[in-house]
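Here the structure comes first, spelled out in structure tokens, and everything after it is commentary.
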Amino acid sequence: MDFPYQARFRTALAGLRREGRYRVFADIVRRRGNYPQATLHGGGRARPITVWCSNDYLGMSQHSSVVAAMHEAIENTGAGSGGTRNISGTTHYHVELEAELADLHGKDAALVFTSGFVSNQTTLCTLSRLLPGLVVFSDVLNHASMIEGIRQGGAEKRIFRHNDLDDLEQQLKACARSAPKLIAFESVYSMDGDFGPVAAICDLADRYGALTYLDEVHGVGLYGPRGAGVAARDGVMHRIDIVEGTLAKAFGVMGGYIAASSEIVDCIRSFAPGFIFTTSLAPALAAGALASVRHLKASDVERKALHEGAERLKALLSGAGLPVMASPSHIVPVLVGEAALCKSVSDDLLCQHSIYVQPINFPTVSRGSERLRLTPSPVHTRAMMEDLVAALDQVWTAHRLQRAA
């Protein structure tokens, strides 16, 4: 008898549905010039909604300079890049973008990838292969892209407790001084919204001879002078060996990148299959990202409005007795605590209140800490925040959910 392939697939999906973790994609069209308003399609009709879970933190996908740059690039070059970076896919937009990103982080060079996931996965995997015997010290809450890159590279991996400097130091002490070492961590952890202790980890790296690899995906554009990130805010960007970022969140477009010494960047460019063998970003995407990076280097208006809005929303949620989780950053998580219930809350917000916020369930967060992850932006008004809190209050009451202590 042949293997029951389809039955096995159906069983796997049934398990997700039974646990309330089956993912349903919302079919939306964002309204240019009117974001965070969007149109939801489904069930044979279209209706307006407000988006509260986007990583377009500053609304830069709608910014006039970004949209104009993308239009101009399409008019000048057409749609696609035409190939990999090695075979016709390096355009002047890519070259300018990498120079701008290197300058942003005060590094010799930068390298652009097709996404932030790919930049993490590819770089960490390649570093493991370039440095025989490498030991990677990885924060337990590091993003899946970092975990996957470390795994694929085959390096020895040692997990340290989240932001636990004592645990990290004990593990570094136990490693031979002569062994190549790399500490991989994040500046902003996207589900809890807390910051990594960047300066203190740099101190440990210096003490024990380790490279530092910092994921600034949720920090670039949002913190520090010119939006260079949390390490720049804390005055330690020069101590980070490799900084990784995205062009798809604060910068509002698409793509990922690393910035580092010219030797490190050249090695990744020359040895990383995930870079070498994939078609480059479309010129219009590179042009849009370039315009966004340049704008946010010069403007603090968007960053200031983001942080003011996040604090305002946290205060409104707390005032309504809703269990907003403590977060020092721009990310506003609200605890639900059970997967099926989290999905039900999300569905009710969308169906009854036209508010779109996706449930965050395992494996993105640990079981029992399922939550709604709210991302207020400069384009979310106070009236929108008040509507959101009123809707959450009604849904919390309807589901008899626990209130804040």
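The values are calculated or read from the model by the stated rules, or taken from the named source; none is laboratory data. For clarity, every value in this text was computed on a predicted model and none was experimentally measured. Because the Cβ atoms are built from the backbone with ideal geometry, glycine has one as well, and the counts that use them run over all protein chains shown. The area values use the complete protein model at the heavy-atom level, side chains included, leaving out ligands, DNA and RNA. Shrake-Rupley method; radii C 1.70, N 1.55, O 1.52, S 1.80 Å.
Roll a 1.4 angstrom probe over the protein heavy atoms and tell me the percent of accessible area of the stretch 29-132 that is carbon or sulfur.
Accessible surface attributable to carbon and sulfur in the stretch 29-132 totals 53 percent.
Can you give the Rg to Rh ratio for the stretch 144-254, taking only C-alpha atoms and Rh from Kirkwood? Could the numbers behind the result be given before it?
On the way: Rg = 14.1 Å, Rh = 14.6 Å.
Result: Rg/Rh = 0.97.
Pairing the Cα long axis of helix 262-271 with the longest principal axis of the chain, what angle in degrees results, from 0 to 90 and rounded to the nearest 10?
Helix 262-271 and the main axis of the chain meet at about 80 degrees.
How high is the relative contact order of the stretch 5-108, given as a whole-number percent (alpha carbon pairs under 8 Å, six or more residues apart)? Kindly include the intermediate steps, with their values, before the conclusion.
Details: 57 pairs, mean separation 10.9, N = 104.
This gives 11 percent for the stretch 5-108.
Per residue, how many Å² of accessible area does the chain show with a 1.4 Å probe?
With the other protein chains kept in place, the chain gives 44 Å² per residue.
How big is the gap, in Å, between the Cα center of the stretch 263-279 and the Cα center of the stretch 160-206?
Distance between centres, Cα-based: 26 Å.
May I have the convex hull volume per residue, in Å³, for the Cα set of the stretch 252-405?
175 Å³
How high is the relative contact order of the stretch 259-405, given as a whole-number percent (alpha carbon pairs under 8 Å, six or more residues apart)?
Relative contact order, the stretch 259-405: 23 percent.
For the chain, set up a Gaussian network in which alpha carbons nearer than 10 Å are linked by springs, and say which option among V188, V265, V24 fluctuates the most.
V24
Where does the Debye-calculated log10 I(q)/I(0) of the stretch 1-71 sit at q = 0.13, 0.19, 0.21 Å⁻¹, using only Cα point scatterers of equal weight, no solvent?
Treating every Cα as an identical point scatterer, log10 I(q)/I(0) equals -0.63, -0.87, -0.95.
Using a 1.4 Å probe on the protein heavy atoms only, what accessible surface does D192 show? Give it in Å² to the nearest 10.
That residue has around 50 Å² of solvent-accessible surface.
Hey, any idea what % of the stretch 160-219's accessible area is carbon plus sulfur with a 1.4 Å probe?
That fraction is 50 percent.
Which residue, chosen from F251, G235, V265, occupies the Cα position most advanced towards the positive end of the dipole of the stretch 226-271, where the dipole is computed from +1 (Lys, Arg) and -1 (Asp, Glu) charges on Cβ about the Cα centre?
So the residue we want is F251.
Could you give log10 I(q)/I(0) at q = 0.10, 0.12, 0.13 Å⁻¹ for the chain, computed by the Debye formula over C-alpha point scatterers of equal weight, without solvent?
Ignoring solvent entirely, the Cα scatterers give -0.72, -1.04, -1.20.
Can you give the calculated 222 nm mean residue ellipticity of the chain, where each DSSP H run of n ≥ 4 adds -39,500 (n - 2.57) and the sum is split over every residue, rounded to the nearest 500 deg cm²/dmol? Intermediate values should be presented prior to the final figure.
Details: 14 runs with 174 residues, N = 405.
Rounded to the nearest 500, the figure is -13500 deg cm²/dmol.
Might you report the magnitude of the Cβ-based charge dipole of the stretch 224-324 about its Cα centre, with Lys and Arg at +1 and Asp and Glu at -1, to the nearest 20 debye?
Result for the stretch 224-324 is approximately 280 debye, rounded to the nearest 20.
Which lysines, if any, have their Cα less than 30 Å from the Cα of K173, not counting same-chain residues under 8 positions apart?
Partners within reach: K107, K157, K181.
If you line up the long axis of helix 92-105 against the longest principal axis of the chain, both from Cα atoms, how many degrees apart are they, to the nearest 10?
The two axes meet at around 90 degrees.
Only bridges whose two residues both fall in the chain count here: according to DSSP, what percent of them are antiparallel, nearest 5?
Roughly 60 percent of the DSSP beta bridges within the chain come out antiparallel.
If packing is taken as the mean number of other Cβ atoms within 10 Å per residue, what is the order of 35-46, 123-134, highest first?
123-134, 35-46
Could you grab the relative contact order for the chain? Cα pairs under 8 Å, six or more apart, rounded to a whole percent.
Details: 780 pairs, mean separation 84.6, N = 405.
Over the chain, the number comes to 21 percent.
For I159, what accessible surface area do you get with a 1.4 Å probe? Give it in Å², rounded to 10.
Around 80 Å² of this residue is reachable by solvent.
For the stretch 81-87, take each phi angle, set θ = phi - 60°, evaluate the Karplus expression 6.51 cos²θ - 1.76 cosθ + 1.60, and give the result in whole Hz per residue in order, putting x for glycine and proline.
7, x, x, 6, 4, 6, 10
Show which aspartates and glutamates lie in cross-link reach of K343 when reach means a straight Cα distance below 13 angstrom and same-chain residues fewer than eight apart are skipped.
The qualifying aspartates and glutamates are E19, E370.
Springs between alpha-carbon atoms under 10 Å, Gaussian network over the chain: tell me which of R382, R31, R18 tops the mean-square fluctuations.
Taking springs between Cα atoms under 10 Å, the residue moving most is R18.
Have a look at N86, N34, N163 and tell me which one the Gaussian network model of the chain (Cα, springs below 10 Å) gives the largest fluctuation.
N34
I'd like the orientation of helix 144-153 relative to the chain: the angle between its Cα long axis and the longest Cα principal axis, in ° from 0 to 90, rounded to 10.
Helix 144-153 sits at roughly 30 degrees to that axis.
What do the square roots of 5 times the Cα gyration tensor eigenvalues come to for the stretch 147-186, in whole Å, largest first, as semi-axes of the equivalent ellipsoid?
Taking √(5λ) for each eigenvalue gives 17, 15, 7 Å, largest first.
Across all directions of projection, what mean area in square nanometres is found for the Cα convex hull of the stretch 41-98?
6.9 nm²
Under the rule of at least 5 residues apart or a separate chain, name every residue whose amide H is placed under 5 Å from the amide H of N163.
When sequence neighbours closer than 5 places are left aside, the close amide H contacts are V140.
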